Amino acid sequence: MTTTSAVIYIRVSTDEQAKVSGLGLEVQESECRAFAQAQGLSVSAVFTDGGVSRSTYLTERPAMSALLSSIKRGATVIVHKHCRLGDSVAIAMMMKEAKRKGARLLVVHGDNSGSDEALLLAGVLSIISDHELRSIASRTRKALAQKKERGEVYTRRVYGFRAVKNQLIADEAELAVIARIQVDAASGLSWAAIARGLNLARIPAPSGTDWHPRTCQRIAERASAA
C-alpha cells in the first residue's frame, strides 16, 4: 500500500555551478516539492548529496546510503531527473532497489512508467547529458574557428560563451543550460514545456527576460549544428 508521504533525493557534483545551471540543489528541491504536492504527497524528508560525483556508488554517498536504509514498503522517492541518481548503472540499481523494497521511484522530468523501456531511456539520456556538456564547447569553438579562417566576422553574442580579451571562453553555466535543453528535447518534452521549466527554475534567458519556445529550439539547433 502506497503511503501519502514521500522523500526527496537531490544531488549536485563538485564541478557544477549549482544555482545558475538549473540543476542546483534549491531548484531541484523546489520542483520536487511542487511535484509531490501535485501528486497529493507530503514531503517527510529531503536527502541531499552536495558535491558528490555522478559516478560515486550509491552506497558510498552519505545521503543516498541513509535513504536506501530508510526505504520501507509503500514509500515514494522523488528525484528531479534520473541523471541526479548518477550514470546508467546507478539509475538501474536505484530502480531495481526501489522495486525490490516495494517502493515507488518518481522523477519530476522523465518517464515514471517503471518499464524496461523507461530504464533504457533514462540510461541513454544520462549518457547524452554527460556527453553534450563536454562536446558543445568543442563543436562551437571549431565552427567559430572555421569562420575566422574564412575571413568571416561573427560579432553576435554566442550563448554558452563569453569574449574575454579576444578569446572565446566557455560559460559552464550556460553550457549546462544548453545540455539541459537538448536532453529535455530528446526525452520528448515540447519546446513550450522546456521553456516553462527554465522559467520556473528562474534561469536567465539570453534576452534577459523570459524563455520562449522558439529561443529553446534555436539554441538547441545551433548547438547541434555547430
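Details
- Once the Cβ-Cβ distance of Arg202 and Arg100 is raised to the sixth power relative to R0 = 25 Å, the FRET efficiency obtained is 0.10.
- Grouping the Cα pair distances of the range 161-224 into 5 Å bins from zero gives a pair-distance distribution of 4, 18, 28, 25, 13, 7, 4, 1 percent in increasing distance order.
- Nearest-0.05 FRET efficiency for Ala45 and His212, computed from C-beta distance (R0 35 Å): 0.40
- Glu221 versus Ile169: modelled label distance in nm, points set 7 Å from Cα along the beta carbon direction: 3.2
- A P(r) calculated from all alpha carbon pairs of the range 5-111, with 10 Å bins opening at zero, reads 16, 53, 30, 2 percent.
- Long-range tail of P(r) for the range 55-107 (Cα pairs > 13 Å, %): 55
Where a number appears in this text, it was derived from the coordinates with a stated rule and is not lab data. The shown structure was predicted, so the numbers you read here are calculated from the model rather than taken from an experiment. Backbone-built Cβ (ideal geometry, glycine too); neighbour counts: all protein chains shown.
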